[in-house]
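Working notes for the structure below.
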Amino acid sequence: MKWINLTIILLAIITSSGCATLADSVAAKGTGPSKVYSASKESVWPVAVNTIKYSDLDLVSESKESGMILAQRGITAFSYGENVAIFIEEETEKSCRVEVVSKKALATNIFAPDWSGTIFKRLDAAFK
């Protein structure tokens, strides 16, 4: 009986600790990988949005004015989900910086992908 109680308590701690939300991804701005593209924000923006739409992520919101795209993926067979924030900031008239912050919904989830590589791969292909 003690082992059952201990197991239940342990599972409750593991599943409830280290959860991340979209707000955590937004708050982590400045910590994700970033790249500068030799293209205007006006050119990069629709490609970034389409990258989300044609991936396994769900587009949650986009605001060109704030330069932020939010996406997430729910629970799958291999992951408890991910939260992604993409920040697009104009550097000059002809270049912009793109930062991708990808957070696991559950910190102990070792199978959750880091979406930054996928997103940058598609942006690289569009702007090379």
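The values are calculated or read from the model by the stated rules, or taken from the named source; none is laboratory data. Worth saying up front: this structure is predicted, and the values here are computed from it rather than measured. Ideal geometry is used to build each Cβ from the backbone, glycine not excepted, and the neighbour counts take in all protein chains shown. In case anyone asks, the SASA skips ligands and DNA or RNA and just uses the protein heavy atoms, side chains included. Shrake-Rupley method; radii C 1.70, N 1.55, O 1.52, S 1.80 Å.
Extension gain, residue 26-residue 54: 0.36 nm per intervening residue step, less the Cα-Cα distance, totals 7.9 nm. For segment 35-128, the carbon plus sulfur part of the accessible surface works out to 51%, probe radius 1.4 Å. Here r is the Cβ-Cβ distance between residue 63 and residue 95 and R0 is 25 Å; the resulting FRET efficiency, rounded to 0.05, is 0.75. For segment 53-128, the solvent-accessible area of protein heavy atoms averages 57 Å² per residue (probe radius 1.4 Å; ligands and nucleic acids excluded). In terms of overall dimensions, the C-alpha atoms belonging to segment 53-126 reach 43, 24, 22 Å along their principal axes, ordered largest to smallest. Packing order of peptides 89-96, 110-117, 68-75, highest average first: 68-75, 110-117, 89-96 (average count of other Cβ atoms within 10 Å over each peptide's residues).
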